[in-house]
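Working notes, structure below.
The values are calculated or read from the model by the stated rules, or taken from the named source; none is laboratory data. The structure displayed is predicted, hence computed values, not measured ones. Cβ placement follows ideal geometry from the backbone for every residue including glycine, while neighbour counts extend to all protein chains displayed.
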Amino acid sequence: MDRDRLIAAFKKKGYEVSFFAGREEARTYLGGLFCGSTIGFGDSLTLAELELYDLLREDNTVFDPNQCADNESFLATARQALLADYFFTSVNAATEDGVMVNLDGSGNRVAGSLFGHKKVFFVLGSNKLCSDLEEATRRAREIAAPANARRLQTKTPCALGTGICRDCNSPERICNALVIYFRRLLDTEAEVIIIDEALGL
Ligand code: SF4
């Protein structure tokens, strides 16, 4: 990874960018950013691995659907997350020229990343980096999605069978919307947090 080139690429797309060598440096930075705010999370294993929920809720109100035990409370918390001051999500893949890709099942993750917050934070590990959009889209659909389906134990071909995406029509399909962030959206601040270690799927 060419760190300086990567940072320059995301800045050119309109994002603030912070780069960290490891998760502890990132946690120290993010833990000092907020006090008394409301913060929403999208579904993200990256955020869970960073243990951001416990870190940020010390001084803020944090809505994290991943903390919920059942679908009803998941949806209620996901709706509250959409109304928070700030929103955190990861992405399934990002290109070296600053384009990001997210695939979603319910839509709460991509919805929160697009509009409604003072600022959105995209947190990604170096394992999400791809050379171009074709590779990034393939990563999202053929690597991240089947791995997530297995983690969630969905009744889908990728989780029950070989681990290969069959572009299924299952009621539990988790790949229902694909968002490509070509550039920072108008009217919402956004910061890309790049961590130089593998995080999430
Ligand atoms: S489309 Fe279906 S088979 Fe393919 S990754 Fe998504 S849930 Fe799995």
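So that you can scan it fast, the table gives a plain yes or no per residue for (1) aliphatic (A, V, I, L, M); (2) surrounded by 15 or more Cβ atoms within 10 Å (Cβ to Cβ):
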| site | (1), (2) |
| --- | --- |
| LEU152 | yes, no |
| THR156 | no, yes |
| ILE174 | yes, yes |
| LEU178 | yes, yes |
| TYR181 | no, yes |
| ARG184 | no, yes |
| THR188 | no, yes |
| ILE193 | yes, yes |
*Return the total of residues in region 23-54 being over 17 Å from LEU199 (Cα atoms) and hydrophobic (A, V, I, L, M, F, W, C).*
4
*Within region 144-172, count every residue that is over 30 Å from ILE7 (Cβ atoms) and out of contact with any Ser or Thr (no Cβ under 6 Å at 6 or more places or on another chain).*
20
*asked:* For region 146-170, give me each residue that is touching a residue at least 12 places away in the same chain (Cβ under 8 Å), more than 7 Å from the ligand (Cβ to nearest atom), in a loop (DSSP other than H, G, I, E, B) and out of contact with any helix residue (DSSP H, G or I) (no Cβ under 7 Å at 6 or more places or on another chain).
replied: LYS155
*Looking at region 58-84, which of the residues that are of a type in the set (D, E, K, R) and over 17 Å from the mean Cα position of the chain (by Cα) is nearest to HIS117 (Cα to Cα)?*
ASP59
*Which members of region 66-93 meet the condition of being out of contact with any Cys (no Cβ under 7 Å at 6 or more places or on another chain) and buried (at least 24 other Cβ atoms within 10 Å of the Cβ)?*
ALA78, ALA81, PHE87, PHE88, THR89, SER90, VAL91, ASN92
*So which residues in region 171-201 are among the β-branched types (Val, Ile, Thr) and either under 20 Å from GLU96 (Cβ atoms) or within 7 Å of the ligand (Cβ to nearest atom) (or both), if there are any at all?*
ILE174, VAL179, ILE180, VAL192, ILE193, ILE194, ILE195
*Consider PHE115 carefully, then state whether it is closer than 19 Å to TYR53 by Cβ, at pLDDT 95 or above and not charged (D, E, K, R).*
no
*Note down all Cβ pairs under 7 Å where the first residue falls in region 117-143 and is within 16 Å of the ligand (Cβ to nearest atom), the second is of a type in the set (Gly, Ala, Ser) and modelled with pLDDT of 95 or more, and they're at least six residues apart or on different chains.*
ALA136/ALA93; ALA136/ALA94; ARG139/ALA93; ALA140/ALA93
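At least 3 residues that are under 30 Å from ASP4 (Cβ atoms) in each: list the strands (runs of 3 or more DSSP E) lying fully within region 33-135 that qualify. Talk me through it step by step, then tell me what you get.
Values: elements: 38-41, 61-63, 86-89, 93-95, 100-104, 119-125.
Where strands (runs of 3 or more DSSP E) fall fully within region 33-135 and carry at least 3 residues being under 30 Å from ASP4 (Cβ atoms), they are 86-89, 93-95, 100-104, 119-125.
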